[in-house]
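Q: Below is a structure I'd like to ask you about.
The values are calculated or read from the model by the stated rules, or taken from the named source; none is laboratory data. If you're wondering where the values come from, they're calculated on a predicted model, not measured in any experiment. Note that each Cβ is placed from the backbone with ideal geometry, even for glycine, and that neighbours are counted across all protein chains shown. The area values use the complete protein model at the heavy-atom level, side chains included, leaving out ligands, DNA and RNA. Shrake-Rupley method; radii C 1.70, N 1.55, O 1.52, S 1.80 Å.
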Amino acid sequence: MGNALGFLYGKCCKPTTDDVDYGSVKPHGVSAITVSVSALAHDLFNFDNTSQVPEGLSKYVGSSRKAQSNWYRKLSEAWKQTKPPPKTPEEAAMLIIQALARNQKADVEGLLAFYGLPLPDTLVELELSTGVPTSLPEGVKFEMETLPVDARSVPDGDGVTVYVSTADPRESSCVPREVLVAAVQRDQARAQRNYTRADALHNEIIEAGYRVIYLQNNEEEVLARKYRIRLRGIDAPENAMPYGTEAKEALVKIVQGKCLRAQVYGEDQYGRYVADVYCNGRFVQELMLKKGLAWHYTAYDKRQEFARWERQARAKQIGLWASSNPEKPWEWRRNHREGR
């Protein structure tokens with residue numbers, strides 16, 4: 001994350017001008033994932049303050065630096081006039097294509113490639129693909145793709161703490177400025193081998209609900225937002241109950257090291273995001289019910305397939321159904337609250 005955060009530091013620590021909404025965004029990263037809308041916004045912000053176009057752009061386009069400056073002047077004006085500002089790669093790509101409509105096609109495509117944005121042909125294909133449903137299931141407020149899950153992030157059989165990269169378009173528009181600045185300063189402290197300072201800054205990031213996570217496969221660090229997930233529609237035995245440990249271990253085995261897809265329906269009273277969760281195309285709640293390691297939580301969920309999966313496990317007498325009269329976790333919690 002070194003080059004990315006060094007680039008960001010030069011942007012974040014400058015005063016905002018003209019009340020332009022550039023969004024809470026992040027800079028170029030070292031992978032295709034992080035070169036996106038946020039990088040374009042930071043470059044426009046920088047151009048307004050310094051009149052400098054980004055380094056490395058000439059490797060992607062054939063026009064002179066003077067011509068590039070004219071592009072960024074047009075793009076900056078177009079960005080200011082767009083309310084709300086672009087938040088998705090497709091919106092940013094359309095802004096570039098429309099603002100630079102009179103420029104050479106090769107330069108426009110080179111600029112899009114520089115930011116990792118969709119090319120014109122791709123955008124046309126997206127607009128024409130009306131046969132593919134794009135809406136989320138009824139009741140789903142948003143969907144997120146997580147980073148690989150750590151086994152220590154599974155507290156019990158129906159919950160998991162996940163992290164979502166701030167490179168995600170939905171996240172990139174709402175990262176607090178103080179978090180970005182702390183991430184920059186942490187990277188600088190590590191470069192200076194001031195690990196005490198770096199750890200203190202990382203603690204500030206964690207307290208704000210974020211974390212810098214090292215992705216071993218990609219050999220890079222990623223700034224990510226924390227979400228506590230409650231699996232919708234099931235209730236697993238509490239850890240202190242019979243089969244509580246088995247339920248937790250089963251969930252760990254399903255999600256450990258995997259990226260999850262979560263469809264979020266809302267938040268519960270404890271600030272957890274209630275979601276349907278999928279792992280490698282498998283529905284996690286279905287797996288837990290069929291293993292006999294969770295109840296169908298009928299007080300909050302009436303899906304018939306959940307009831308069917310629970311009946312199947314009961315019939316096989318597997319998991320908690322090996323017991324003739326297993327205690328319901330919601331009754332166990334109520335009894336323990338009343339016993340305090």
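Q: Out of the residues in the stretch 138-169 that are among the charged types (D, E, K, R) and without any contact (Cβ under 8 Å) to a residue 40 or more places away in the chain, which is least open to solvent (accessible area, probe 1.4 Å)?
A: Here is the first cut: in the stretch 138-169, the ones among the charged types (D, E, K, R) are 138, 141, 143, 145, 150, 152, 156, 158, 168.
Filter again for without any contact (Cβ under 8 Å) to a residue 40 or more places away in the chain, leaving 138, 152, 168.
Details: Glu138: 174, Arg152: 204, Asp168: 46 Å².
Result: Asp168.
Q: Moving on. Do any residues in the stretch 247-270 that are under 18 Å from Gly233 (Cα atoms) and without any contact (Cβ under 8 Å) to a residue 40 or more places away in the chain have Cβ atoms under 7 Å from those of residues that are open to solvent by less than 70 Å² (accessible area, probe 1.4 Å) and in a helix (DSSP H, G or I), where the two are at least six apart or on different chains, and which pairs are they?
A: Listed pairs, sorted by first residue: Ile254/Val284; Ile254/Leu287.
Q: If we scan the stretch 217-239, do we find a residue that is part of a helix (DSSP H, G or I), free of Cβ contacts under 8 Å to residues at least 12 places away in the same chain and surrounded by fewer than 19 Cβ atoms within 10 Å (Cβ to Cβ)?
A: Scanning the stretch 217-239 turns up no residue that is part of a helix (DSSP H, G or I), free of Cβ contacts under 8 Å to residues at least 12 places away in the same chain and surrounded by fewer than 19 Cβ atoms within 10 Å (Cβ to Cβ).
Q: With respect to the numbered conditions (1) free of Cβ contacts under 8 Å to residues at least 24 places away in the same chain; (2) touching a Phe, Trp or Tyr at 6+ places or on another chain (Cβ under 9 Å), which one is the sole condition not fulfilled by Ala275?
A: (1)
Q: Shifting gears a bit: Please list, ordered by residue number, the helices (runs of 4 or more DSSP H) wholly in the stretch 265-340 having 1 or more residues that are small (Gly, Ala, Ser).
A: 304-316
Q: Pairs under 6 Å by beta carbon, first residue closer than 22 Å to Arg232 by Cα in the stretch 305-318, partner assigned to a loop (DSSP other than H, G, I, E, B), six or more apart or different chains?
A: Between residues of the stretch 305-318 that are closer than 22 Å to Arg232 by Cα and residues that are assigned to a loop (DSSP other than H, G, I, E, B), the close pairs are Phe306/Gly233; Ala313/Gly292; Ile318/Gly292.
Q: Quick check on my filter: what residues within the stretch 30-51 are modelled with pLDDT of 85 or more and either touching an Asp or Glu at 6+ places or on another chain (Cβ under 9 Å) or of a type in the set (Lys, Arg) (or both)?
A: Asp48
Q: Determine which member of the set Lys87, Lys74 is open to solvent by 70 Å² or more (accessible area, probe 1.4 Å), touching a residue at least 12 places away in the same chain (Cβ under 8 Å) and in contact with a Ser or Thr (Cβ under 7 Å, 6 or more places away or on another chain).
A: Only one candidate passes the filter, namely Lys87.
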